[in-house]
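Asks: Got a structure here, written out as structure tokens. Questions coming.
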Amino acid sequence: MRAMYFEAFEATPDVRTLPDPTPTEGGVVIKVEATGLCRSDWHGWMGHDPDIRLPHVPGHELAGKVVAVGKGVRRFREGQRVTVPFVSGCGHCGECRSGNQQVCEEQFQPGFTHWGSFAEYVAIDYADQNLVHLPEAIDYATAASLGCRFATSFRAVVDQARVTGGEWVAVHGCGGVGLSAIMIAAALGANPVAIDISDEKLDFARKMGAVATINARDVADVADAVRDITGGGAHASVDALGSPVTCFNSIKNLRRRGRHVQVGLMLADHAAPQIPMAQVIGHELEIYGSHGMQAWRYDAMLAMIESGKLAPQNLIGRHISLDEAVPALMAMDKATDLGISVITRF
Ligand SMILES: [Zn+2]
Ligand SMILES: [Zn+2]
């Protein structure tokens, strides 16, 4: 198979021919039809993720067709269209048994713990517990865009922040995660406020459902600006970027008993950000993480997509080739693209 491959962190990956994967007893091999390019792939390539063992094939947001099935797999067979959450649970640890596969103790993550989907084929373990049947109405590129950012935002907004109609939801950072969170919050009847440093991204955020926008470069204090717009602070707030500044502002801009959800990754130098803890205590704020979404929760998200309430296809920017993905991956930390880049040519 053709695959993107690197032997050292921060070294330019190359696209080369590698042996085709074979399924484990409980796993499948998927012919990758589409796979999204994500900032987490850049973190992995930089060496920020301790799960990655070199040499490595990145890629964790994928959709495709099952082409080989391990002998222990019951629910899936060759030819079926599928996608998979980027955190796949083992199915038998305590977290998996309680339905929280997204924090499984023995998780399988394509593109992190194992070789990923920047390749013609990818092997996925724990298939019965994690694969998601893809409705015919949802194309592969759209399905790939769900694998990480959209699903994580769905869990962040719906399950962690428990956003309801009429609430104010601040979203810090209007990349793939932020735009997803805005679209999902708007679909729930909430009022999303988008914050970014790019007017172009803020215009796009309005098209995705933001009712107000703040360019962080144009205001003295982002939290004050959110408080002004929302009449006292956001009910829920998402740091969709992952930086000490956006994390701090996302907590600071909450009203009393508000909920902050950290979705943007905080790795390396950013792993221990400053938190306004006096406000957390005095105002009884809630702070959550959101780390992927369980396969069994995909049904709710897919139903909202099939009914047209959510349109993740609108978040897709460019369709690119595997070769074009090499420079795109290396420049991911400074990406100015509107929307998600998806590899659809291998
Ligand atoms: Zn588990
Ligand atoms: Zn991702």
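Asks: Count, please, the residues in the range 134-152 that happen to be open to solvent by less than 40 Å² (accessible area, probe 1.4 Å) and either among the small types (Gly, Ala, Ser) or within 15 Å of ligand 1 (Cβ to nearest atom) (or both). Give the derivation first.
Replies: Restricting attention to the range 134-152, the residues satisfying the condition of being open to solvent by less than 40 Å² (accessible area, probe 1.4 Å) are 134-135, 138, 141-152.
Applying the additional criterion that residues be either among the small types (Gly, Ala, Ser) or within 15 Å of ligand 1 (Cβ to nearest atom) (or both) yields 141, 143-145, 147, 151.
Adding up the residues that qualify gives 6.
Asks: Of the conditions (1) within 16 Å of ligand 2 (Cβ to nearest atom); (2) touching a Pro at 6+ places or on another chain (Cβ under 8 Å); (3) open to solvent by 50 Å² or more (accessible area, probe 1.4 Å), Tyr121 clears all except one; give me its number.
Replies: Only one criterion is unmet by Tyr121, namely (1).
Asks: Take the residues of the range 153-177 that are open to solvent by less than 10 Å² (accessible area, probe 1.4 Å) and within 19 Å of His60 (Cβ to Cβ): which is farthest from ligand 1 (Cβ to nearest atom)?
Replies: It comes out as Ser153.
Asks: As an exercise: evaluate His92 against (1) more than 16 Å from the chain's Cα centre (by Cα); (2) at pLDDT 95 or above and give the number of the one condition it does not meet.
Replies: (2) is the only condition that His92 fails.
Asks: Let me ask something else. Can you go through Asp20, Asp14, Asp51 and tell me which one is acidic (Asp, Glu) and modelled with pLDDT under 95? Walk me through how you get there before you give the answer.
Replies: Working: Asp20 fails: modelled with pLDDT under 95; Asp14 fails: modelled with pLDDT under 95.
Checking each option against the conditions leaves just Asp51.
Asks: Still on this model: Tell me, yes or no, whether the range 54-62 has at least one residue that is over 21 Å from the mean Cα position of the chain (by Cα) and at pLDDT 95 or above. Let's see the steps before the verdict.
Replies: Start the filter on the range 54-62 by keeping residues that are over 21 Å from the mean Cα position of the chain (by Cα), which leaves 54-55.
Now narrow it down to the ones that are at pLDDT 95 or above: 54-55.
Checked against the condition, which is being over 21 Å from the mean Cα position of the chain (by Cα) and at pLDDT 95 or above, the range 54-62 yields at least one hit.
Asks: All but one of (1) buried (at least 21 other Cβ atoms within 10 Å of the Cβ); (2) of a type in the set (S, T, N, Q); (3) over 21 Å from Asp159 (Cβ atoms) hold for Ser237, so report the exception by its number.
Replies: Unmet for Ser237, out of (1) buried (at least 21 other Cβ atoms within 10 Å of the Cβ); (2) of a type in the set (S, T, N, Q); (3) over 21 Å from Asp159 (Cβ atoms): (3).
Asks: In addition: For the range 27-38, indicate whether the set of residues that are more than 16 Å from ligand 1 (Cβ to nearest atom), open to solvent by 40 Å² or more (accessible area, probe 1.4 Å) and modelled with pLDDT of 95 or more is non-empty. Break it down stepwise before answering.
Replies: So in the range 27-38, the residues more than 16 Å from ligand 1 (Cβ to nearest atom) come out as 28-38.
Subset that is open to solvent by 40 Å² or more (accessible area, probe 1.4 Å): 31, 33.
Imposing the further condition that a residue be modelled with pLDDT of 95 or more reduces the set to 31, 33.
Yes.
Asks: Which residues, counting only those in the range 245-291, are more than 18 Å from Cys174 (Cβ to Cβ), out of contact with any Pro (no Cβ under 6 Å at 6 or more places or on another chain) and of a type in the set (Val, Ile, Thr)?
Replies: Ile275, Val280, Ile281, Ile287
Asks: Here's a follow-up. Quick check on the range 65-72. Is at least one of its residues within 16 Å of ligand 2 (Cβ to nearest atom) and of a type in the set (D, E, K, R)?
Replies: Residues of the range 65-72 within 16 Å of ligand 2 (Cβ to nearest atom): none.
No, that holds for no residue.
Asks: Quick one: which residue in Phe86, Phe76 is more than 16 Å from ligand 2 (Cβ to nearest atom) and surrounded by 12 or more Cβ atoms within 10 Å (Cβ to Cβ)?
Replies: Criteria check complete, one pass: Phe76.
Asks: Restricting attention to the range 2-38, and to residues there that are within 16 Å of ligand 2 (Cβ to nearest atom) and under 30 Å from His92 (Cα atoms), which single residue is nearest to the chain's Cα centre (by Cα)?
Replies: Taking the range 2-38 first, the residues within 16 Å of ligand 2 (Cβ to nearest atom) are 4, 32, 34-38.
Narrowing further to those that are under 30 Å from His92 (Cα atoms): 32, 34-36, 38.
Working: Val32: 18, Ala34: 15, Thr35: 12, Gly36: 10, Cys38: 8 Å.
The qualifying residue nearest to the chain's Cα centre (by Cα) is Cys38.
Asks: Scan (1) open to solvent by less than 10 Å² (accessible area, probe 1.4 Å); (2) over 14 Å from the mean Cα position of the chain (by Cα); (3) away from ligand 1 (no atom under 16 Å from the Cβ) for the single condition Leu131 breaks and write down its number.
Replies: (3)
Asks: Please determine, by comparing only the residues of the range 292-333 that are exposed (fewer than 14 other Cβ atoms within 10 Å of the Cβ) and closer than 20 Å to Phe118 by Cβ, which one is modelled with the lowest pLDDT.
Replies: Asp333
The values are calculated or read from the model by the stated rules, or taken from the named source; none is laboratory data. Please read these numbers as outputs of a predicted model, since none were measured by experiment. Neighbour counts run over all protein chains shown; Cβ positions are idealised from the backbone, glycine included. Remember, those area values only see protein heavy atoms, side chains included, never the ligands or the DNA or RNA. Shrake-Rupley method; radii C 1.70, N 1.55, O 1.52, S 1.80 Å.
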